[in-house]
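Okay, so here's the structure we're looking at.
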Amino acid sequence: MVNSPALNDDDQMRFLYPFKVYLAAFGLFAAVIIIFLVLANSFDRAPKQLDLSIPWAESEFHTQNAIRFAREVGRITEGRVQITVHPGAILGIKGPDSLRAVSTGIVPMAEMAGFQQVGSEPILGFESLPFLIDTQEELRALYTILRPVVEEAYARHGLKVLYIVPWPNQNLFSDARPETLRDLRGLKIRTLDANTTELMDRLGLVSIQMPYADVVPSLAAGSLDGVLTSTSTASAQKYWEFITTVLRTNHHWISNMMIIKKSVWDEISQNDRDAINALTQELEPEFWAISARDDKEKLKLLAENGVEVLEPNPELQKSIRSVSHQMWREFIERVPESEDILDAYLKMTNRPPLKKEGQE
């Protein structure tokens, strides 16, 4: 039997060295994989930080609603989704810029007024047609038809609607105590959108369309005689420092939408998305109730600060409503998809269908 020669120390080292190198390389590779998995898991658990832009002051109920929503989102997701609310346009995004800001990724979220986005989606101006809606109950009825259309409009820009909440009914703030429409003609009035601008122009007032943030400086400078807005905004901006009366015209209703960029929404886990959707369904009715209550509270606050509350007499009310149906017709011509919505809404609220021009 032939015995194999024994390996000396040098031979053993030459044999074991490549094996040790292999083991070391494998260990290093395994360590890298483990570190990668740990980091990946850590990143997965890292909070989703979202900035939310709001043009309204922190004292506005819409902003307070958003702050509550953000707090509740953090709670139900156990901190996995964290929303930071930036009120008062402090991010430099005014109301009319909100849709573009979210769709282009400047911010992931914004709470915006639908009527201010009509340049991108004309149908969002439907609810602000003058004298179309008289009460919050009618507005709620309208949204059973309009909401899918609104959500689709935002979806075309890569956005998701989380919740919708109305402002209270709108008023005319000024120093006027009008008995007839002639008493208002020539006043320089801040308007909100194309619909209110057109309404004021047709009634003989001088419309100046401007966003929320520019109103107080314009009142202070004397470049405005009055403002179309809600009691909520008038109180937040302390209009009693500039004007003496509020005429309860109830000329239109408008709503705000809480919006998130769809691609950002999709990055949130399915479980957290489901929880947030359930939260919005719970909070939205509460937010509507807050809106109705806020109007009453702020009207009282305005009166306590010396603003006289006026109701238009029947003659004045008839005069300011006189152009509404024509404006509805013209809106339908510009936005044909609104015709079926209007027909269904008028039927739902037990009103006659809109007559064609010349029939009235």
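Here is how the numbers come out for the structure above:
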quantity: Any hit, the stretch 109-125, residues being of a type in the set (A, V, I, L, M), touching a Leu at 6+ places or on another chain (Cβ under 6 Å) and modelled with pLDDT of 95 or more; calculated: yes
quantity: Restricting the stretch 292-312 to residues that are crowded, with 18+ Cβ neighbours inside 10 Å and assigned to a loop (DSSP other than H, G, I, E, B), the residue that is nearest to the chain's Cα centre (by Cα); calculated: V307
quantity: Any hit, the stretch 231-240, residues being within 16 Å of I189 (Cα to Cα), within 16 Å of the chain's Cα centre (by Cα) and either open to solvent by less than 30 Å² (accessible area, probe 1.4 Å) or without any contact (Cβ under 8 Å) to a residue 24 or more places away in the chain (or both); calculated: yes
quantity: Every pair of residues 6+ apart whose Cβ atoms lie under 8 Å, when the first sits in the stretch 286-312 and is within 15 Å of R177 (Cβ to Cβ) while the second is among the polar types (S, T, N, Q) and surrounded by 14 or more Cβ atoms within 10 Å (Cβ to Cβ); calculated: G306/T244; V307/T244; V307/T245; E308/T244; E308/T245; V309/T245; L310/T245; P312/T249
quantity: Looking only at the stretch 320-360, and only at residues there that are of a type in the set (S, T, Y) and closer than 17 Å to D134 by Cβ, the one that is most open to solvent (accessible area, probe 1.4 Å); calculated: S322
quantity: Residue match in the stretch 184-207 (condition: at pLDDT 95 or above, among the small types (G, A, S) and open to solvent by less than 20 Å² (accessible area, probe 1.4 Å)); calculated: no
quantity: Residue that is surrounded by 16 or more Cβ atoms within 10 Å (Cβ to Cβ), in a helix (DSSP H, G or I) and aromatic (F, W, Y), where the choices are F115, F131; calculated: F115
quantity: Members of the stretch 313-342 found to be under 20 Å from Q170 (Cβ atoms) and not in a helix (DSSP H, G or I), listed by number; calculated: N313, S322, V323
quantity: Conditions (1) open to solvent by 10 Å² or more (accessible area, probe 1.4 Å); (2) hydroxyl-bearing (S, T, Y); (3) within 19 Å of K318 (Cα to Cα): number failed by S103; calculated: (3)
quantity: Candidate set from the stretch 145-174 (those that are of a type outside the set (A, V, I, L, M) and in contact with a Phe, Trp or Tyr (Cβ under 9 Å, 6 or more places away or on another chain)); member that is nearest to K262 (Cα to Cα); calculated: K160
quantity: Test: residue in the stretch 343-351 that is assigned to a helix (DSSP H, G or I) and in contact with an Asp or Glu (Cβ under 9 Å, 6 or more places away or on another chain); calculated: yes
quantity: The one condition in (1) assigned to a helix (DSSP H, G or I); (2) closer than 30 Å to L203 by Cβ; (3) open to solvent by less than 60 Å² (accessible area, probe 1.4 Å); (4) out of contact with any helix residue (DSSP H, G or I) (no Cβ under 8 Å at 6 or more places or on another chain) that A289 fails to fulfil; calculated: (2)
quantity: Count of the stretch 67-104 residues which are touching a residue at least 12 places away in the same chain (Cβ under 8 Å), over 22 Å from D193 (Cα atoms) and in a helix (DSSP H, G or I); calculated: 7
quantity: Any hit, the stretch 327-339, residues being closer than 21 Å to P178 by Cα and among the small types (G, A, S); calculated: no
quantity: From the options A110, A155, A141, residue that is surrounded by fewer than 24 Cβ atoms within 10 Å (Cβ to Cβ) and within 26 Å of V73 (Cβ to Cβ); calculated: A155
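Residue by residue, here is whether (1) out of contact with any helix residue (DSSP H, G or I) (no Cβ under 7 Å at 6 or more places or on another chain); (2) open to solvent by less than 30 Å² (accessible area, probe 1.4 Å); (3) within 23 Å of F69 (Cα to Cα); (4) modelled with pLDDT under 95 holds:
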site	(1), (2), (3), (4)
L224	no, yes, no, no
T244	yes, no, no, no
M257	no, yes, yes, no
K261	no, no, yes, no
D274	yes, no, yes, no
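The values are calculated or read from the model by the stated rules, or taken from the named source; none is laboratory data. All of these numbers come straight from a predicted model, not from anything done at the bench. Glycine gets a Cβ as well: all are built from the backbone with ideal geometry, and neighbour counts include every protein chain shown. What goes into the accessible areas is simple: the full protein's heavy atoms, side chains included, and nothing from ligands, DNA or RNA. Shrake-Rupley method; radii C 1.70, N 1.55, O 1.52, S 1.80 Å.
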